[in-house]
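Peer 1: Quick one: the structure is below, questions incoming.
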Amino acid sequence: MSETNNLAPNDLSSFWMPFTNNRQFKKNPRMFVAAKDMHFTTADGRQVLDGTAGLWCVNAGHCRPLITEAIQKQAAELDYAPAFQIGHPKAFELANKIAELAPEGMGHVFFTNSGSESVETALKIALAYQKIKGEGSRTRLIGRERGYHGVNFGGISVGGIVPNRKMFGTLLAGVDHMPHTHLPEKNSFSKGEPQHGAYLADELEKIVALHDASTIAAVIVEPVAGSTGVLIPPKGYLQKLRNICDKHGILLIFDEVITGFGRMGCNFAADYYGVKPDIITTAKGLTNGVVPMGAVIVRDEIHDAFMTGSEEVIELFHGYTYSGNPIAAAAGLATLETYKQDGLFERANDLAPYWEDALHSLKDAKYVIDVRNIGLIGAIEIEPIAGAPTKRAFSAFIKAYEKGLLIRTTGDIIALSPPLMVSKSQIDEIVDTIRETLNEVD
Ligand SMILES: Cc1ncc(COP(=O)(O)O)c(C=O)c1O
């Protein structure tokens, strides 16, 4: 029997941890053993305020009773049902609920198990749709520099984060990238949407001119790029992308794995910006991060295009053993109900101005070179140590953790996204702890 309570470093060797400095971590491990609402409990009994909703996913806060009970009940009632050619009621119910939250005319939902799988699914649906429409020459996919679309081959191909791509061979063929939208010289310390940079959407026109529209299936972007360090789209940028895609018959995919389910103070970033994509990818907040699940939300015309021909033939040769898994579906339903009962999306929207002011009060904190915010998302960019990029931010992550605050760092950027139940005093605590932390790191 394993000794789950033994945290001695020698016992940590088997687990090859994801996106982690494994050797460094195992010399001085950081372990959470419990969580409730806004806090984690560490193995040594300390409380750590969750400034990041886990990994941008625990939007309702931790160990919420409705979700816990739903999972327990479902595990005892129907643990698993085959996902192919058989259904179970909760998957259909959840799909309906997601469709109700989605922008109008996006009434169809394909279930996956993660954000990465949602991205692969969306790219495949886009390619297959173009083929079904008789536009099989549209095979090219367009992403963006600094984009993060998970870690599978499609996602890293359209993604634009160099370390995630450079070790993994030739990736998908026929992919091109638009420039990112980060213009620090013009937009630093913008509150909400930056003023400058809508013109960067015109780069898509250049890509179309280079390859010809007849070769391009889809464009995928995060409406707000999260994992690269919170890059907020300049005013008008997303609408411009939409217009260019429409003009050339290109599908627009919004990767809303982070921005979906309340993070922006509304259902989706598509609502926030008033721009309707053709496909939305989601995961994370769908189940509050509790059970892995993703969902791809598709415009009716796209779905309907597949529902032709013989009814005896599978319409889309794609799916996962765990698509719509009963326990995940139960978690999803209870999560959406928790958001509704607690009015969490409205709460996020109401808190956003307070959040903005609190974050921007860090403008004069040590090392800070930019502050960005939108909805309940924030980023504090700090000056890198010359010749040692990321080192200062990582020290800040460790120091903040020791002080009882979980932040996330990417490059030299502190990214913040607390559960939507965060209080004003907890926002103050996040900001005060970051200020202190920056005063204490080298
Ligand atoms: C925009 C976006 N897409 C995809 C993913 C991948 O999600 P997962 O880690 O669940 O595969 C993430 C994860 O952070 C994300 O932020």
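Peer 1: Would you pick out the residues in segment 115-142 that are within 16 Å of the ligand (Cβ to nearest atom), out of contact with any helix residue (DSSP H, G or I) (no Cβ under 8 Å at 6 or more places or on another chain) and among the polar types (S, T, N, Q)?
Peer 2: Result: Ser118, Thr121.
Peer 1: Just give me the residues in segment 253-276 being within 15 Å of the ligand (Cβ to nearest atom), free of Cβ contacts under 8 Å to residues at least 40 places away in the same chain and of a type outside the set (D, E, K, R), in sequence order.
Peer 2: Correct list: Phe254, Gly260.
Peer 1: Determine which member of the set Ala415, Ala400, Ala386, Ala396 is more than 24 Å from the chain's Cα centre (by Cα), under 22 Å from Thr228 (Cα atoms) and among the aliphatic types (A, V, I, L, M).
Peer 2: On the way: Ala415 fails: more than 24 Å from the chain's Cα centre (by Cα); Ala400 fails: more than 24 Å from the chain's Cα centre (by Cα); Ala396 fails: more than 24 Å from the chain's Cα centre (by Cα).
Going through Ala415, Ala400, Ala386, Ala396 in turn, the sole match is Ala386.
Peer 1: Confirm whether Gly174 is among the small types (Gly, Ala, Ser), more than 11 Å from the ligand (Cβ to nearest atom), at positive phi and in contact with a strand residue (DSSP E or B) (Cβ under 9 Å, 6 or more places away or on another chain). So that I can check it myself, show each step before the final result.
Peer 2: Working: among the small types (Gly, Ala, Ser): yes; more than 11 Å from the ligand (Cβ to nearest atom): yes; at positive phi: yes; in contact with a strand residue (DSSP E or B) (Cβ under 9 Å, 6 or more places away or on another chain): yes.
Taking the combined requirement at face value, the residue satisfies it.
Peer 1: Right, something else. Determine, yes or no, whether Ile250 is within 16 Å of the ligand (Cβ to nearest atom) and β-branched (Val, Ile, Thr).
Peer 2: On the way: within 16 Å of the ligand (Cβ to nearest atom): no; β-branched (Val, Ile, Thr): yes.
For Ile250, the condition - within 16 Å of the ligand (Cβ to nearest atom) and β-branched (Val, Ile, Thr) - is not met.
Peer 1: Among the residues of segment 89-98, which ones are crowded, with 18+ Cβ neighbours inside 10 Å and not charged (D, E, K, R)?
Peer 2: Ala91, Leu94, Ala95, Ile98
Peer 1: Checking the condition under 16 Å from the mean Cα position of the chain (by Cα), touching a residue at least 60 places away in the same chain (Cβ under 8 Å) and closer than 12 Å to Ile280 by Cβ, which residue from Ala122, Ala99 passes? Reasoning before the result, please.
Peer 2: Details: Ala99 fails: under 16 Å from the mean Cα position of the chain (by Cα).
When all the criteria are applied, what remains is Ala122.
Peer 1: If you check Val158 against the conditions, is it closer than 30 Å to Gly54 by Cα, β-branched (Val, Ile, Thr) and buried (at least 22 other Cβ atoms within 10 Å of the Cβ)? Steps first, please.
Peer 2: On the way: closer than 30 Å to Gly54 by Cα: yes; β-branched (Val, Ile, Thr): yes; buried (at least 22 other Cβ atoms within 10 Å of the Cβ): yes.
For Val158, the condition - closer than 30 Å to Gly54 by Cα, β-branched (Val, Ile, Thr) and buried (at least 22 other Cβ atoms within 10 Å of the Cβ) - is met.
Peer 1: Also, quick follow-up: So, of the residues in segment 36-74 that are assigned to a helix (DSSP H, G or I) and within 16 Å of the ligand (Cβ to nearest atom), which turns out to be surrounded by the fewest Cβ atoms within 10 Å (Cβ to Cβ)? Let's see the steps before the verdict.
Peer 2: Quick first cut of segment 36-74, residues assigned to a helix (DSSP H, G or I) only: 53-56, 65-74.
Then keep just the ones that are within 16 Å of the ligand (Cβ to nearest atom); that gives 53-56.
Working: Ala53: 29, Gly54: 20, Leu55: 15, Trp56: 23.
Per the stated criteria, the residue is Leu55.
Peer 1: Give segment 145-159 a look and list any residue that's in contact (Cβ under 8 Å) with a residue 40 or more places away in the chain and away from the ligand (no atom under 11 Å from the Cβ), or say none.
Peer 2: Residue satisfying the conditions is Arg146 alone.
Peer 1: Also, I was wondering about something else. Any residue in segment 84-100 that is in contact with a helix residue (DSSP H, G or I) (Cβ under 9 Å, 6 or more places away or on another chain) and either within 16 Å of the ligand (Cβ to nearest atom) or polar (S, T, N, Q) (or both)?
Peer 2: Checking segment 84-100: not a single residue is in contact with a helix residue (DSSP H, G or I) (Cβ under 9 Å, 6 or more places away or on another chain) and either within 16 Å of the ligand (Cβ to nearest atom) or polar (S, T, N, Q) (or both).
Peer 1: So, of the residues in segment 279-327 that are within 24 Å of Leu55 (Cα to Cα) and part of a helix (DSSP H, G or I), which turns out to be farthest from the ligand (Cβ to nearest atom)? So that I can check it myself, show each step before the final result.
Peer 2: Residues of segment 279-327 that are within 24 Å of Leu55 (Cα to Cα), as a first pass: 279-297, 320, 322-327.
Imposing the further condition that a residue be part of a helix (DSSP H, G or I) reduces the set to 284-287, 326-327.
Working: Lys284: 6, Gly285: 11, Leu286: 10, Thr287: 11, Pro326: 20, Ile327: 17 Å.
Across segment 279-327, the extreme among qualifying residues is Pro326.
Peer 1: On to the next question. Please tell me if Lys235 is assigned to a helix (DSSP H, G or I) and away from the ligand (no atom under 16 Å from the Cβ). Before you say what the answer is, go through the steps one by one.
Peer 2: Values: assigned to a helix (DSSP H, G or I): no; away from the ligand (no atom under 16 Å from the Cβ): yes.
No: the conditions fail for Lys235.
Peer 1: Restricting attention to segment 30-57, and to residues there that are among the polar types (S, T, N, Q) and without any contact (Cβ under 8 Å) to a residue 24 or more places away in the chain, which single residue is farthest from Leu376 (Cα to Cα)? Show your work before the answer.
Peer 2: If we filter segment 30-57 for residues that are among the polar types (S, T, N, Q), which is where we start, we get 41-42, 47, 52.
From what is left, the residues that are without any contact (Cβ under 8 Å) to a residue 24 or more places away in the chain are 41-42.
Working: Thr41: 23, Thr42: 25 Å.
The extreme case among them is Thr42.
Peer 1: Here is a follow-up. Using the structure shown, decide if Asn349 is within 26 Å of Met421 (Cα to Cα), surrounded by 16 or more Cβ atoms within 10 Å (Cβ to Cβ) and either touching a Cys at 6+ places or on another chain (Cβ under 7 Å) or among the basic types (Lys, Arg) (or both). I'd like the intermediate steps shown before the answer.
Peer 2: Details: within 26 Å of Met421 (Cα to Cα): yes; surrounded by 16 or more Cβ atoms within 10 Å (Cβ to Cβ): yes; either touching a Cys at 6+ places or on another chain (Cβ under 7 Å) or among the basic types (Lys, Arg) (or both): yes.
Against the criterion (within 26 Å of Met421 (Cα to Cα), surrounded by 16 or more Cβ atoms within 10 Å (Cβ to Cβ) and either touching a Cys at 6+ places or on another chain (Cβ under 7 Å) or among the basic types (Lys, Arg) (or both)), Asn349 qualifies.
Bear in mind these aren't lab numbers, they're just calculated from the coordinates by the rules spelled out. Bear in mind that the values here come from a model prediction, so they are computed numbers and not experimental data. All Cβ positions, even for glycine, are placed from backbone atoms using ideal geometry, and neighbour counts span all protein chains on display.
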